[in-house]
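**Q** What follows is a structure written as structure tokens; I'll ask about it next.
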Amino acid sequence: MAQKVKLKLFGNIYELKGDDQEVDLQKVAFYIEEKAEEVERAQPKLPPSKLMVLVVMSLGHELFSCKKRLEVLETKLNIKIKEISEKIDSRVLEKKD
């Protein structure tokens, strides 16, 4: 079932629909609205079109930062998994001898 949400940005209302059941579109819309308000407070004299560019850049920066952190965590996790696996293998081999 499609989710429907209203996104309010710089005086405009956008009605959106999405089918992704893993993501709560209402939470996404709220987060984007908060980010837009934050950018507008920091740059109150800019026109909406320029504010929108700043919002997009800010969200893009957050996305890439999260992706980088995820890559680092996945690498660390894979190293730990390998270490644990090697310890288990060595213990199993010890018991066979």
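No value in this document is a laboratory result; all are computed from the given coordinates. Note that this is a predicted model, so its numbers are computed, not measured. Positions of Cβ are generated from backbone atoms using ideal geometry, with glycine treated the same way; all protein chains shown enter the neighbour counts.
**Q** If we sort 48-57, 22-31 on the protection proxy, mean other Cβ atoms within 10 Å, highest first, what's the order?
**A** In descending order of packing, they fall as 48-57, 22-31.
**Q** Tell me, what HN-Hα J-couplings in whole Hz come from the Karplus equation 6.51 cos²θ - 1.76 cosθ + 1.60 at θ = phi - 60° for each residue of the stretch 33-43, using x for Gly and Pro?
**A** So the J values, rounded to whole Hz, are 4, 4, 5, 5, 5, 4, 5, 5, 5, 6, 9.
**Q** For the chain, what is the charge dipole size about the Cα centre, in debye to the nearest 20, if Lys and Arg each add +1 at the Cβ and Asp and Glu each add -1 at the Cβ?
**A** Once rounded to the nearest 20, the dipole reads 180 debye.
**Q** Select from Ala29, Gln3, Val56 the residue farthest towards the positive end of the dipole of the chain; place +1 on Cβ of Lys and Arg, -1 on Cβ of Asp and Glu, and compute about the Cα centre.
**A** It is Val56.
**Q** On C-alpha positions alone, give me the angle between the axis of helix 48-96 and the longest principal axis of the chain, in degrees, nearest 10.
**A** The two axes meet at around 10 degrees.
**Q** Can you show me the helix-derived [θ] at 222 nm for the chain, built from DSSP H runs with n ≥ 4 at -39,500 (n - 2.57) apiece and divided by the number of residues, rounded to the nearest 500.
**A** -25000 deg cm²/dmol
**Q** For volume of the Cα convex hull per residue in Å³, several values are listed as (1) 215; (2) 146; (3) 123; flag the one computed from this structure.
**A** Among (1) 215; (2) 146; (3) 123, the one calculated here is (3).
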